[in-house]
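The values are calculated or read from the model by the stated rules, or taken from the named source; none is laboratory data. As the structure is a computational prediction, the values presented were derived from the model and not from experiment. Positions of Cβ are backbone-derived with ideal geometry, glycine not excepted, and every protein chain shown enters the neighbour counts.
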Amino acid sequence: MQQGETPLQLAEENLVLRHRIVRHQANARRKYLNRRFQAEEVQRGWHRNRLRLSARQLTFPDAAELEQFTHPGQRQLNRRHPHRYWHWPEASKARPSRSVICLYGCENDSALLDTFYSSPLWTLIRQRKDTLLLEVWGGSTSGDQFDGRRLTLNTPENYRQLSLKTLQMLRWCSRELRMKQLIKMDLTSIPTRANW
């Protein structure tokens, strides 16, 4: 700096990171996509990448990797690090499972359940605390029913409409469970005791 020049002055500026609470992921998407920007900023070319976003382009962290909070003050937010927790109260997703195994069957296959539950495969599954097994049946007439093990879907129990049952199962699992992977197994494909 030469003599007589005014020293450079920098104004203090704080970048406030906002952590808005959302009810669920659909609500978060709506909030993000429905944001309104100031006309002057848009005119200057800002926010163009955000203005063209669609819901299909938005992704969220894998819920199975997040920690659920019951109230906002449960943890002080550290703004220097990425956050790996969430705060939308979905009690149905309180139990995280790394793997969900959907065992497909119907009333005609009920006898095969005894074979499965006495198999080495079930012994391995049962030892994994991060794995949940669901018996997936169709034929419910009063909505999807879940009793902790048996998931009875509101779909016809008809082999020709198996794809509808699979679609309904995928919808239910994505809505109600937190998981890293979903494995579908047919009860009739499990080897009999003579084949072990």
Cβ pairs under 6 Å, 6+ apart or interchain, first in the range 180-196 and closer than 14 Å to residue 103 by Cα and surrounded by 14 or more Cβ atoms within 10 Å (Cβ to Cβ), second at pLDDT 85 or above and of a type in the set (Val, Ile, Thr), ordered by first then second residue, are 182/100
Across the range 124-135, the tally of residues that are under 15 Å from residue 185 (Cα atoms) and at pLDDT below 85 stands at 0
Filter pass, residue 132 being outside any loop (DSSP other than H, G, I, E, B), among the aliphatic types (A, V, I, L, M), assigned by TED's automatic domain parsing to the domain that holds residue 173 and farther than 18 Å from residue 172 by Cβ:
no
For the range 98-114, pairs from a residue that is outside any loop (DSSP other than H, G, I, E, B) to a residue that is among the small types (Gly, Ala, Ser), with Cβ under 8 Å and 6 or more apart or across chains, are 107/139; 112/105; 113/105
Filtering the range 97-112 down to residues that are touching a helix residue (DSSP H, G or I) at 6+ places or on another chain (Cβ under 7 Å) and of a type in the set (A, V, I, L, M) yields 100, 101, 103, 112
Those residues of the range 136-187 that are touching a helix residue (DSSP H, G or I) at 6+ places or on another chain (Cβ under 7 Å), at pLDDT 85 or above and of a type in the set (Val, Ile, Thr) come to a total of 1
